[in-house]
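See structure below.
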Amino acid sequence: MNKANNRKLKILFVTSEAAPFIKTGGLADVCGSLPFALQKLNADVKVILPKYFGIEQQYKEQMKHLCDFYIDLGWRRQYCGIESIKLNGIEFLFADNEYYFAKNYVYSSNPYEDGERFSYFNKAVLEALKHLRYTPHIIHCNDWQSGMLPFLIKTQYSGDKLYKNIKTVLTIHNLRYQGQFSWEQISDLLSIDKQYFIPEQLEFYGGVNFLKAGILFADRVTTVSPTYALEITTPFFGERLDGVLRSIEPRAMGILNGIDTGLYNPETDPYLACNYSQNDLSGKAKCKEAVQEAMWLNKRGDIPLIAMITRFADHKGLDLVEAVIEDILRLDVQIAVLGNEDGRYSNMFRSVAEKYGGRVSIKTGQNDTLARQLYAGADMFLMPSMFEPCGIAQMLAMRYGTVPIVRETGGLSDSVIPYNRYTNEGIGFSFANYNAHEMLYTIENAIGLYYDKLVWNGLVKRAMQADFSWNASAEKYLGLYKELVSK
């Protein structure tokens, strides 16, 4: 153990996206932030991802070509180039193949296409190690897109001494997305022997499931919050993998994600109308006024402004909001929503906004500037998810002194300590059951407390003091890595 503790661990993060290069969701934030936190703990970290068409030109121009080679995918022989950028001491590697990744999307709507693209990516990562002459102690896989790596290392690559001592970790960021493809396609692409096509290994309802492969063959499995790690072992949250997850419970654990507290800081954020801190909250009122102006809401500082920054998906709890939004608006509140475009829920909010002009507003599309302004300018942040593996938005809201109202699930349960009126403790509000009127009751409680400024300001300051930096999480990951390499 001492030897493992003293050596500088070499960690290779394998991911389908990483900020600031390419992002569709929270996976990019994690893989763009956690490596830097690990580096501060003296780990040697590299990150590898596909070289997508959508990566900004400024980054492409900085890329340095390291090597190139060819990969056998069944009868196909495909080119792979490895490009490199160093960002604040971390080397980001990019697997370059224009046939697979020079598209105007990150993920394809055609599952057959993504089956081939990410089979290629899994093999590209492993083949790249030979040409880079680089042997990490740990390969840290993320979600289904790199789920076949642990399987390949323990089967096809097991006889090569380069891979013999590499340990693998798989992090499940969202169990709903699993990478399910036909056996005929994947066995051809990755030259997999039929002996592995059994329910105890790769077979999953007649096909192949990349995430299941990762879960079964990785040395350790993590999820992005402790509560989610427990939830997904039950049929309701388990997405048909609960039995598999129960079978590997001794080598699974949940580690709560963090946020980049340097990037998201109300004292220095350049996108805010006015900067502020927990010791001087006066600037938050100016941020609220700026948001009301930007969102065409009535300029009123005396009523609570509730924000939602969300994807318009059913599991985000929008059906609960839809059921009681008229009841919420019978209270003296404003609601500001930023979300992606989706017919049902965006239309619902627009319809309500037309009826309640100046009190409800919605904007759609990716807009990081407006998102930061909403985190800073709102009084409350509503996140009533049916399930939430970790959730970043509630942490960002608290970082900016906006009090969260959440359902007790996954990372929301792990990060939001509910307010206790008897002890005057807590940093937000929560409700247990997926029920619209329970949510409404919780919103009413929050609004009632809002007008007690002494208590409310104390709640705001405690929320801002909560430590959601990557430091604690990185320590846990490093401990996990050291445990693996010491065996």
Taking the number of other C-beta atoms within 10 Å as the exposure measure, put Y107, Y52 in order starting with the fewest. Y107, Y52
Against the longest alpha carbon principal axis of the chain, how many degrees, from 0 to 90 and to the nearest 10, is the axis of helix 26-40 turned? 70 degrees
Can you tell me the orientation of helix 453-465 relative to the chain, as the angle in degrees between its alpha-carbon axis and the longest Cα principal axis, to the nearest 10? 10 degrees
Quick shape summary for segment 294-432, equivalent ellipsoid via Cα gyration tensor, semi-axes whole Å in descending order, reads 22, 17, 15
Just round it to a whole percent: the fraction of Cα-Cα distances in segment 102-242 exceeding 17 Å. 60 percent
Counting only pairs 8 or more places apart or on different chains, how many lysine pairs in segment 72-186 have C-alpha atoms closer than 15 Å? 5
P(r) for segment 285-355, please, calculated from all Cα pair distances in 5 Å bins and given in %. 3, 14, 27, 25, 18, 10, 2
Could you work out the longest stretch of the chain that avoids the GluC sites (Glu not before Pro) located in DSSP loops with at most 14 other Cβ atoms within 10 Å? 342-487
Relative contact order as a percentage, the chain, C-alpha pairs under 8 Å and 6+ apart, gives 13 percent
At 0.36 nm per residue, minus the direct Cα-Cα distance, what do L66 and E444 gain on full extension? Give it in nm, one decimal, please. 130.2 nm
Distance from a point 7 Å along Cα→Cβ of D467 to each backbone N in segment 384-415: keep the residues under 17 Å and list them by number. 399, 415
Count the lysine pairs in segment 282-465 whose Cα atoms sit under 28 Å apart, keeping only pairs 8 or more residues apart in sequence or on different chains. 25
By how many nm would the segment from E249 to R330 lengthen if fully extended, with 0.36 nm per residue of separation less the alpha-carbon distance? 24.5 nm
Treat every Asp and Glu Cβ in the chain as -1 and every Lys and Arg Cβ as +1, leave all other atoms uncharged, and give the resulting dipole magnitude about the Cα centre to the nearest 20 debye. 1320 debye
With each run of n ≥ 4 DSSP H residues scored as -39500 (n - 2.57), what mean residue ellipticity at 222 nm is computed for the chain after dividing by its residue count and rounding to the nearest 500 deg cm²/dmol? -11500 deg cm²/dmol
Apply 1/(1 + (r/R0)^6) to the Cβ-Cβ distance of D342 and A432, taking R0 = 22 Å, and write down the FRET efficiency to the nearest 0.05. 0.20
Indicate, rounded to the nearest 5 percent, the antiparallel portion of the DSSP beta bridges found entirely in segment 282-465. 5 percent
Quick one: length gained pulling N420 to I198 fully straight, 0.36 nm per residue minus the C-alpha distance? 74.8 nm
Counting DSSP beta bridges with both partners in the chain, what percentage is antiparallel, nearest 5? 35 percent
Segment 166-221 versus segment 376-443: alpha-carbon centroid distance in Å: 35 Å
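A short reminder: the numbers here are calculations on the coordinates, not readings from a lab. In this text the structure is predicted, and so the values were computed from the model without any measurement. Because the Cβ atoms are built from the backbone with ideal geometry, glycine has one as well, and the counts that use them run over all protein chains shown.
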